[in-house]
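Everything below concerns the one structure shown next.
The values are calculated or read from the model by the stated rules, or taken from the named source; none is laboratory data. Owing to the predicted nature of the structure, the values given are computational and were not obtained by experimental measurement. Counting neighbours? That spans all protein chains shown, and the Cβs are built from the backbone with ideal geometry, glycine included.
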Amino acid sequence: MFEKRQAARLDLPDPLTGDILAKYEVRVVNLSVEGAGIEHEVMLRPGQPCFLRVTLTDRAVFIYASVMWSCASRFGGEGNSVIYQTGLKFERVPETTRNELAVFLATKKSDSRER
């Protein structure tokens, strides 16, 4: 799916785990300081606000986001349920969290070059 982004996202070879609305487990498959691509088993609607909780290195961060798009991707969840892919745009990210994201991404980018 084509979408315009203000910041390039880095594909994560080892996806992070996180939660949306502290109810649903998600896999964060790509990440930038502006947004994230996630996979999950519960449908989310475009325009829906949510909180993403994800652990960066050793600390959990909570990021307010909006669902930009979401679509069924494949079968294969628990009980062969539908797996959805969703694009999140981060909103009102505190500077400290933005800095933590930037450091995390720089570290991951450096690690991927060494492989």
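In the range 14-44, the qualifying residues are those that are modelled with pLDDT of 85 or more and of a type in the set (D, E, K, R), and the one that is nearest to Thr57 (Cα to Cα) is Asp14.
The residues of the range 60-113 that are of a type in the set (Lys, Arg) and within 18 Å of Thr17 (Cβ to Cβ) amount to a single one, Lys108. Summed over the range 27-80, the residues that are closer than 20 Å to Val93 by Cβ and among the small types (Gly, Ala, Ser) give a count of 8.
Residue-by-condition table, conditions (1) touching a helix residue (DSSP H, G or I) at 6+ places or on another chain (Cβ under 8 Å); (2) crowded, with 18+ Cβ neighbours inside 10 Å:
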position	(1), (2)
Lys4	no, no
Glu41	yes, no
Ile63	yes, yes
Ala72	no, no
Phe90	no, yes
Pro94	no, no
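Only one entry in Val82, Val61, Val28, Val54 is under 23 Å from Lys109 (Cβ atoms) and touching a residue at least 40 places away in the same chain (Cβ under 8 Å), namely Val61.
One line per residue, one yes/no per condition, for (1) part of a loop (DSSP other than H, G, I, E, B); (2) in contact with a Leu (Cβ under 7 Å, 6 or more places away or on another chain):
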residue: Arg27; (1), (2): no, no
residue: Asn30; (1), (2): no, yes
residue: Met43; (1), (2): yes, no
residue: Val54; (1), (2): no, yes
residue: Ala60; (1), (2): no, no
residue: Ala72; (1), (2): no, no
residue: Arg92; (1), (2): yes, no
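Condition check: under 16 Å from the mean Cα position of the chain (by Cα), of a type outside the set (A, V, I, L, M, F, W, C), crowded, with 16+ Cβ neighbours inside 10 Å and in a strand (DSSP E or B). Does Thr86 satisfy that? Yes: the conditions hold for Thr86. Please tell me if Leu10 is touching a strand residue (DSSP E or B) at 6+ places or on another chain (Cβ under 7 Å), touching a residue at least 60 places away in the same chain (Cβ under 8 Å), of a type in the set (A, V, I, L, M) and at negative phi. Criteria met by Leu10. Quick one: is Ala65 assigned to a strand (DSSP E or B) and within 10 Å of the chain's Cα centre (by Cα)? It is true that Ala65 is assigned to a strand (DSSP E or B) and within 10 Å of the chain's Cα centre (by Cα). Quick one: is Val33 touching a Pro at 6+ places or on another chain (Cβ under 6 Å), closer than 27 Å to Ala106 by Cα, aliphatic (A, V, I, L, M) and buried (at least 16 other Cβ atoms within 10 Å of the Cβ)? Answer is no for this residue.
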